[in-house]
Amino acid sequence: MDFTEALEAVVEGCSGRLGSEQPHLALIFVSSAFADEYHKIVPELRQRLPSLTEIVGCSGFGVIGNSPQGPQEVEKAPAISLTLASLPEVEVRTTLFTRANVPDADASPALWQDAVGVPIDTARDISFIMLADVLYAEITDVIAGLDYAYPDAVKLGGLCAAASGQAPRTLIWWSAHPDAQNFEDGLVQEGCIALALHGNVVIDPIIAQGCTPVSAQTWVVEDVKARHWAMQLSRTGPSGRRQTRTPLQALEEDLRSLPEGTRQQALQTLTMGVAPDDFKDLDKLGPQDFLTRGIVGVDHNSGAVGVGAILRKGSRVQYMIRSREGAMRDLQTQCSSFTRARLEASMAGKEQQPPFGALIFSCNGRGTALYNMTAFDSRTLASYVPVPSAGFFCNGELGQVGGATYLHGFTAAIGVLRPSDPRT
């Protein structure tokens, strides 16, 4: 199937599900196998769907979507994933951030409001879907600024990708808004597209970082050097007394909880989880509360461990393992927690409206390379949340942990969409 046939097929499939409703938002993710056809995407969508006012998307290592047989993930092969939306009670705004128009680090929330066109003092829900180029260094400034200006808004997304280092990648953006500075072919080679949804829709995030704890033990950082090096850790022992260990001693104790034959393998994929929320009770911290970061160094003389995250005295940390089985358990745990939270809300008299769709931004290191099977992430999600899903395989994923937004790797950053107005 060539590009035109593929695009026609997904447009017909989506339009059939919408019925008589006219879509105004298109999210499109395209395999880099169609790189020679990138320039056709926006013109053909606008021609086929003249009601559209916003088109947002990018290229990917692969794409995620649905078929009559269920969720599908296509990697390194020609494929298109298209989502069309008619959201009459939602204001949709898109902004292209480049190197030139990101507000300064000390900018007020009002300047960010001017940049994205969504009020900071609204009583309605706001969510951001964010797509960026992998070389856009200012992405950390953008997510930090949006976290500052819109602390309660969910931010979710990924970095565009290609199936190989030689294949071109692209962002895709077109807006009918009078202030939009559109590119002629809708292709963007630099920056970050921020899609704001303001109104009767909310995105519930599920962030699966592909790791599981080495043990149930959470350690508290007692001494830090150069912001990234943990020098001393502590925990509360069985007697209730505080016990202090070097990070390497703590690791040795944690490894004893694993079967002896798996300990060496665990060391090869070892990471550390750092809880960004310093105020949540230690005994209430769960896997979703830890930001997973790589171990960047070890000092065998002092027993210190360096981590790719900023540490402080009092930071809570766990040793983590990345593996196929761990990634499977992690996603299942996160999805189970999501469905349990919905049930608890219903039992508390705060019943939510049912979800109507999901977005999946999955690391290109997951998929068949990790699981040795296709569509594990999307099918697992569907087994807990049976709604249509769409997304792509990224070069980095954006999602929140502990109330702040981070750039991740090896992660499935999932957003489940539902009406925000309570069920009546």
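The values are calculated or read from the model by the stated rules, or taken from the named source; none is laboratory data. Computed from a predicted structure; not experimentally measured. Methodologically, a virtual Cβ is constructed for each residue, glycine included, from the backbone with ideal geometry; neighbour enumeration extends over all protein chains shown.
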Inset, instruction - Count, please, the residues in the stretch 217-259 that happen to be in a strand (DSSP E or B) and in contact (Cβ under 8 Å) with a residue 12 or more places away in the chain. - result: 16
Inset, instruction - Would you check if residue 197 is in a strand (DSSP E or B) and either assigned by TED's automatic domain parsing to the domain that holds residue 333 or in contact with a helix residue (DSSP H, G or I) (Cβ under 8 Å, 6 or more places away or on another chain) (or both)? - result: yes
Inset, instruction - Could you look through the stretch 88-97, keep only residues that are out of contact with any helix residue (DSSP H, G or I) (no Cβ under 7 Å at 6 or more places or on another chain) and modelled with pLDDT of 95 or more, and pick out the one that is surrounded by the fewest Cβ atoms within 10 Å (Cβ to Cβ)? - result: 91
Legend entry - Only listed residue being of a type in the set (S, T, N, Q), touching a helix residue (DSSP H, G or I) at 6+ places or on another chain (Cβ under 9 Å), surrounded by fewer than 18 Cβ atoms within 10 Å (Cβ to Cβ) and farther than 25 Å from residue 233 by Cα, chosen from 353, 332: 332
Legend entry - Residue that is farthest from residue 142 (Cα to Cα) [pool: residues in the stretch 113-131 that are of a type in the set (A, V, I, L, M, F, W, C) and outside any loop (DSSP other than H, G, I, E, B)]: 126
Inset, instruction - Pairs only if they're at least six apart or on different chains, beta carbon under 7 angstrom, first in the stretch 331-358 and more than 24 Å from residue 87 (Cα to Cα), second modelled with pLDDT under 95 and not in a loop (DSSP other than H, G, I, E, B); list them, first residue then second. - result: 333/287; 334/288; 337/288
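Restricted to the stretch 121-134, and to residues that are touching a strand residue (DSSP E or B) at 6+ places or on another chain (Cβ under 9 Å) and of a type in the set (A, V, I, L, M), which residue is surrounded by the most Cβ atoms within 10 Å (Cβ to Cβ)?
Only one residue tops the list, namely 132.
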Inset, instruction - Just name the residue that is surrounded by the most Cβ atoms within 10 Å (Cβ to Cβ) out of those in the stretch 286-322 that are assigned to a loop (DSSP other than H, G, I, E, B) and touching a helix residue (DSSP H, G or I) at 6+ places or on another chain (Cβ under 8 Å). - result: 303
Inset, instruction - Restrict the check to the stretch 62-73 and report whether at least one residue is at pLDDT 95 or above, closer than 18 Å to residue 392 by Cα and surrounded by fewer than 21 Cβ atoms within 10 Å (Cβ to Cβ). - result: yes
Legend entry - Subset of the stretch 171-186 [of a type in the set (S, T, N, Q) and over 13 Å from residue 56 (Cα atoms)]: 181
Legend entry - Residue within the stretch 7-17 that is in contact with a Phe, Trp or Tyr (Cβ under 7 Å, 6 or more places away or on another chain) and either on the phi < 0 side of the Ramachandran plot or of a type in the set (Phe, Trp, Tyr) (or both) present: no
Legend entry - Single unsatisfied condition, residue 152 versus (1) in a loop (DSSP other than H, G, I, E, B); (2) within 20 Å of residue 205 (Cα to Cα); (3) of a type outside the set (Lys, Arg); (4) touching a helix residue (DSSP H, G or I) at 6+ places or on another chain (Cβ under 7 Å): (4)
Legend entry - Unmet criterion (only one of (1) at pLDDT below 95; (2) within 25 Å of residue 378 (Cα to Cα); (3) outside the structural domain of residue 380 (by TED's automatic domain parsing)) for residue 343: (3)
Inset, instruction - Could you please give the count of residues in the stretch 260-285 that are β-branched (Val, Ile, Thr) and not in a strand (DSSP E or B)? - result: 2
Inset, instruction - List every residue pair whose Cβ atoms lie under 6 Å apart, where the two residues are 6 or more positions apart in sequence or sit on different chains, the first residue falls within the stretch 389-408 and is assigned by TED's automatic domain parsing to the domain that holds residue 56 and over 15 Å from residue 145 (Cβ atoms), and the second residue, located anywhere, is charged (D, E, K, R) and crowded, with 24+ Cβ neighbours inside 10 Å. - result: 408/397
